[in-house]
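The values are calculated or read from the model by the stated rules, or taken from the named source; none is laboratory data. Quick caveat: nothing in here was measured; it's all calculated off a predicted structure. Note that each Cβ is placed from the backbone with ideal geometry, even for glycine, and that neighbours are counted across all protein chains shown.
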Amino acid sequence: MNDLSNCPNCDTLFVRTKFRDVCEVCYKEEEREFEKVYQYIRRRENRTASMIQVVDNTGVQESLIVKFIKTGKLRTTQFPNLGVKCEKCGAPAKVGPLCSSCQDSLRSQLTQFESDEALRKELDERGKKGAYYTHNDK
């Protein structure tokens, strides 16, 4: 769904889409910044660089690098020392906004919820099949 919005970087009016949360000018600037970061960490000697080293050597803001990681543009599986904090517990997260233990916990909770819902529906269906109502006019 497209919404009319102000760019969070430059306050320009633009149409926000599912894929872009900044205006066209800022998007192009983010792409240039991404290329700087990617070219830096792509070199063999920089693949194990930490977030601080990448920020210092490229001049790109940490928040923008975190955005690249969260959106999947940068894969931390290829760059082990780049990572973001889990939004739930604060531990290092390699893929997405949650760490692997929080992802596993969420998956198990969803599985449990689905099985509880299936059981509830089955019990509701059983109750409907076995109930007979009679009307007694005296």
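Summary of values
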{"quantity": "Test for VAL55: is it surrounded by fewer than 16 Cβ atoms within 10 Å (Cβ to Cβ) and at pLDDT 90 or above", "calculated": "no"}
{"quantity": "Count - residues of the range 24-65 that are of a type in the set (A, V, I, L, M), under 19 Å from THR77 (Cβ atoms) and not in a helix (DSSP H, G or I)", "calculated": "1"}
{"quantity": "Selection from the range 66-76 of residues that are part of a loop (DSSP other than H, G, I, E, B) and on the phi < 0 side of the Ramachandran plot", "calculated": "LYS73, LEU74, ARG75, THR76"}
{"quantity": "Qualifying positions in the range 77-104 - assigned to a loop (DSSP other than H, G, I, E, B), more than 12 Å from the chain's Cα centre (by Cα) and small (Gly, Ala, Ser)", "calculated": "GLY83, GLY90, ALA91"}
{"quantity": "Test result for THR71, farther than 21 Å from ASP21 by Cα and among the hydroxyl-bearing types (Ser, Thr, Tyr)", "calculated": "no"}
{"quantity": "Candidate set from the range 102-138 (those that are hydroxyl-bearing (Ser, Thr, Tyr) and at pLDDT 90 or above); member that is nearest to MET51 (Cα to Cα)", "calculated": "SER105"}
